[in-house]
Amino acid sequence: MNISVPAILVAARAHGETAVIARLMTEEHGLVAAYVAGGRGRQLRPVVIPGNSVEAEIRSKSDNQLPFARIELSTSRAAWMTEPLPAAAIGWACALTASTLAERNPYPSLYSALEALLEAICHAPSARGWLAAMVAFEAMLLRELGYGGEKPDMAADLDTQFEAFRQLHRPIRDYLLAGNPRDVMAARNALGERLKRMIE
């Protein structure tokens, strides 16, 4: 693998003293895990935040090796990670993507939908402006992976959108995240609780 592409960083875990293993969602190559040297260092720490968009140079000598990646920030969403509801939404969207997609299978429509969802979360004045996009993204994931998932009514009122969000809980838990750690689904539960408090 030898590519230079835009990507959305959807997960990162510490590796050694200063590096991270990042999971990058790309349009043409799908989800790619890569070693980022210095990812926990002062220079890259603000970049290696799930939800950020980056320019990534990904290199490996063979397809069987974990690639190395050099990343540069293109869009930071770190400011919204200090706001409880946007942070919960960004965290859930990234965790869901990182936990459900097989690596290196391209899903260009999901890449575009995730980018649009993250932009909506960060720029809409409230969840009224992005909840329908969240439901649409979850339903698209279900469809892309063969589990159905009806397209939501994007013009529905907030109560209807929240009910659609609630109805997707079981298929996501039982199909998309079957066998995954409980903390992944806990991220959706936390988002649901924050949305419920906002609506009530």
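The values are calculated or read from the model by the stated rules, or taken from the named source; none is laboratory data. Computed from a predicted model, the values in this text were never measured in an experiment. Cβ coordinates were reconstructed from backbone atoms using ideal geometry, including for glycine residues, and neighbour counts include every protein chain displayed.
In the range 161-182, the residues that are under 15 Å from Leu145 (Cα atoms) reach residues that are of a type in the set (Ser, Thr, Tyr) with C-beta atoms within less than 8 angstrom, at least six apart or across chains, in these pairs: Pro171/Tyr147; Tyr175/Tyr147; Leu176/Ser99; Leu176/Thr100; Leu176/Tyr147; Leu177/Ser99; Leu177/Thr100. Number of residues in the range 147-181 that are among the aromatic types (Phe, Trp, Tyr) and within 14 Å of Ala132 (Cβ to Cβ) equals 2.
Per-residue answers, yes or no, for (1) crowded, with 23+ Cβ neighbours inside 10 Å; (2) modelled with pLDDT under 95; (3) β-branched (Val, Ile, Thr); (4) not in a loop (DSSP other than H, G, I, E, B):
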position: Glu17; (1), (2), (3), (4): no, yes, no, no
position: Ala22; (1), (2), (3), (4): yes, no, no, yes
position: Glu28; (1), (2), (3), (4): no, no, no, no
position: Leu31; (1), (2), (3), (4): yes, no, no, yes
position: Gly38; (1), (2), (3), (4): no, no, no, no
position: Arg42; (1), (2), (3), (4): no, yes, no, no
position: Pro46; (1), (2), (3), (4): no, no, no, no
position: Pro50; (1), (2), (3), (4): no, no, no, no
position: Glu57; (1), (2), (3), (4): no, no, no, yes
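Taking (1) free of Cβ contacts under 8 Å to residues at least 40 places away in the same chain; (2) out of contact with any Ser or Thr (no Cβ under 8 Å at 6 or more places or on another chain); (3) under 26 Å from Trp92 (Cβ atoms); (4) of a type outside the set (Asp, Glu) in turn, Ala22 satisfies each apart from (1).
Run down Ala139, Ala89, Ala156 and say which single residue is aliphatic (A, V, I, L, M) and more than 15 Å from the chain's Cα centre (by Cα). Walk me through it before giving the result.
Details: Ala139 fails: more than 15 Å from the chain's Cα centre (by Cα); Ala89 fails: more than 15 Å from the chain's Cα centre (by Cα).
On inspection, the qualifying residue turns out to be Ala156.
If you go through the range 96-108 one residue at a time, do you hit one that is surrounded by fewer than 16 Cβ atoms within 10 Å (Cβ to Cβ), touching a helix residue (DSSP H, G or I) at 6+ places or on another chain (Cβ under 6 Å), in the same structural domain as Ala190 (by TED's automatic domain parsing) and more than 22 Å from Arg197 (Cα to Cα)? Quick ask: steps written out before the conclusion?
Going residue by residue through the range 96-108, those that are surrounded by fewer than 16 Cβ atoms within 10 Å (Cβ to Cβ) are 102-106, 108.
Okay, now just the ones that are also touching a helix residue (DSSP H, G or I) at 6+ places or on another chain (Cβ under 6 Å), so none.
The answer is no; no qualifying residue exists.
Condition first: more than 20 Å from Arg194 (Cβ to Cβ), in a loop (DSSP other than H, G, I, E, B), in contact with a helix residue (DSSP H, G or I) (Cβ under 7 Å, 6 or more places away or on another chain) and of a type outside the set (Gly, Ala, Ser). Can you find one or more residues in the range 157-171 that meet it? Scanning the range 157-171 turns up no residue that is more than 20 Å from Arg194 (Cβ to Cβ), in a loop (DSSP other than H, G, I, E, B), in contact with a helix residue (DSSP H, G or I) (Cβ under 7 Å, 6 or more places away or on another chain) and of a type outside the set (Gly, Ala, Ser). Is it the case that some residue within the range 128-151 is in a helix (DSSP H, G or I), of a type in the set (Lys, Arg) and crowded, with 19+ Cβ neighbours inside 10 Å? So far as the range 128-151 goes, no, none of its residues is in a helix (DSSP H, G or I), of a type in the set (Lys, Arg) and crowded, with 19+ Cβ neighbours inside 10 Å.
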